[in-house]
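The block underneath contains the structure these notes are about, expressed in structure tokens.
The values are calculated or read from the model by the stated rules, or taken from the named source; none is laboratory data. What you see is a predicted model; the values in this text were computed from it and never measured. FYI the Cβ positions are ideal-geometry reconstructions off the backbone, even for glycines, and counts take in every protein chain you see. Side chains are part of the model used for accessible areas, which takes the heavy atoms of the whole protein and leaves out ligands, DNA and RNA. Shrake-Rupley method; radii C 1.70, N 1.55, O 1.52, S 1.80 Å.
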Amino acid sequence: MDSTYNFLDHKLKPSVDCDAVDDDFHPVSNLIASDQRTLEGGFMAYSVTKPPVEIVFTLHCPIVVHRLKLWVHMGALKTTSIDVYIQNKRGSFDKVGCGESQSAEIFEFVNNRRISSASALPDCRTMQFPLFPTVGYLLANCSIFKLVLKKTARCVPVLRKVECWGQPARNCSVELKESIERMWYKTEEPTENVSSPSSIPQTTVTAEIPEELLDELTCDIMTIPMILPSGKTVDQLTIEKHNQQEEKWGRQASDPFTGLIYTHTRKPIFNPALKSRIDQFLIKHSHLTQFHQLPRTVGTNLRTAAIHPNINIPTKPSRKRKLEADPPKLNLSCISLENAVRKALATTTRYTLAVDAHKEDTFENACHSCMKSLGNFYKISTCQHLICRDCLDAQALSQSHCKCSCGVRFERKLVEKHHVS
């Protein structure tokens, strides 16, 4: 039997196009990228995009499709329904398969004429869907196929990885088949001064990263894992980038999943247990090139809260506020306790009343005539002194114009209600 190839591998020069706007960090070109780190980034539509989203793949040559394998999840984001179309000779697309699942992480569309169900048993994360047997002529001569992401789990359409396995179509020339074989098995030639055989598998062998070690937003392996108040786990660098974006729009640092503002009791928390497992995984696979460019942390001096330094967390107001100066001492030598309290209050700092700098009034919260500090008070707009209701009524009955104890005459209309603090 002829060898099968993944025709979406970058070595076989496929191309991809999407009808929707993609995220800046997860463009659709990631699905056929040559770099392993970029390839793991996957595709994610822009934050306001809703399904359906169409992704069109153009292959290097016509092929016989054996199976399509799609990784439909990226952290907490998941695509739950996908349709498969193949372009016919007229240039239009015909539907050749469909699949829907709320729990599966991998969709596998199988051509039962080429692969028997017993020879390819999926694992617990994979859900198999048969390609339509009535469109065998399209499966035997496929050069352009389309994936339609129809439904998602209340998120934007995502697709982490795609593989299309098959073999060149029967109508392909022998030279084309040989060139595809050379492209598929092409490897980099070792340099003359390198004699260690361990350098060869570094360019070909890759490791499957456990799901718990990946950032739930970027799907990259984390360096400093932080647990958000929403329960999601992301890298500290991801939180800092999100906080910087929020700061540009004048917003405070918040949880990227719930939008709740961070406080001293609701903030990201460092996960030391997960950090230990990440370090163990990286040390175990340190010989692989896909992990050589990852940032490393040295020592235990880690920041426990990934908050941008320019952003202040709103503090809860304290019920007990300290005074700027010591509380004044009461002068017990005064005639009465009431006069002692007045003199003590006169020396304290006032926050509610604006006192003129050129005027010093010892009894600013008492009547300027009778020195009474209890009752209803009125302020005279001409001299800014207070007068009680009894003194005001007494002056109004005795004379036509009222007169303050400081000698300033005033009219009743120039008096307004005043509340003593």
Selection within region 254-281 - hydrophobic (A, V, I, L, M, F, W, C), assigned to a loop (DSSP other than H, G, I, E, B) and either open to solvent by 80 Å² or more (accessible area, probe 1.4 Å) or modelled with pLDDT of 90 or more (or both): Leu260
Test Arg114 against the criterion of being on the phi > 0 side of the Ramachandran plot, part of a loop (DSSP other than H, G, I, E, B) and modelled with pLDDT under 90, and give yes or no. no
Candidate set from region 282-296 (those that are part of a helix (DSSP H, G or I) and open to solvent by less than 90 Å² (accessible area, probe 1.4 Å)); member that is farthest from Gln36 (Cα to Cα): Leu282
All but one of (1) on the phi > 0 side of the Ramachandran plot; (2) not in a loop (DSSP other than H, G, I, E, B) hold for Gly91; state the number of the condition that does not hold. (2)
Residue by residue through region 9-40, note down the ones that are over 25 Å from the mean Cα position of the chain (by Cα) and either outside the structural domain of Leu159 (by the TED database) or part of a helix (DSSP H, G or I) (or both). His10, Lys11, Leu12, Ile32
Test: residue in region 151-162 that is open to solvent by 80 Å² or more (accessible area, probe 1.4 Å) and either part of a strand (DSSP E or B) or modelled with pLDDT under 90 (or both): yes
If only one of Val53, Val96, Val28 is open to solvent by less than 50 Å² (accessible area, probe 1.4 Å), of a type in the set (A, V, I, L, M, F, W, C) and farther than 21 Å from Leu217 by Cα, which one is it? Val96
Under 7 Å between Cβ atoms, which residue pairs at least 6 apart in sequence (or on different chains) link something in region 170-184 that is more than 12 Å from Phe7 (Cβ to Cβ) and not assigned by the TED database to the domain that holds Val65 with a partner that is open to solvent by less than 80 Å² (accessible area, probe 1.4 Å) and polar (S, T, N, Q)? none
Scanning for something closer than 21 Å to Arg114 by Cα and touching a residue at least 60 places away in the same chain (Cβ under 8 Å), does region 86-97 turn up at least one residue? yes
Could you check region 125-150 and list, in sequence order, the residues that are over 19 Å from Thr80 (Cα atoms) and open to solvent by less than 50 Å² (accessible area, probe 1.4 Å)? Val135, Gly136, Leu138, Leu139, Ala140, Cys142, Ser143, Ile144, Phe145
For Lys379, are the conditions met, namely being open to solvent by 40 Å² or more (accessible area, probe 1.4 Å) and at pLDDT 75 or above? yes
Considering each residue of region 251-281, count those that are touching a residue at least 60 places away in the same chain (Cβ under 8 Å), hydrophobic (A, V, I, L, M, F, W, C) and farther than 30 Å from Arg154 by Cα, and give that number. 1
Sort out which residues of region 79-92 are within 37 Å of the chain's Cα centre (by Cα) and either open to solvent by 40 Å² or more (accessible area, probe 1.4 Å) or among the hydrophobic types (A, V, I, L, M, F, W, C) (or both), and write them in order of number. Ile82, Val84, Tyr85, Ile86
Flag if Ser103 is at pLDDT below 90 and within 17 Å of Lys151 (Cα to Cα): yes
Output for region 41-63, where each listed residue is at pLDDT below 90 and either touching a Gly at 6+ places or on another chain (Cβ under 8 Å) or assigned to a helix (DSSP H, G or I) (or both): Gly41
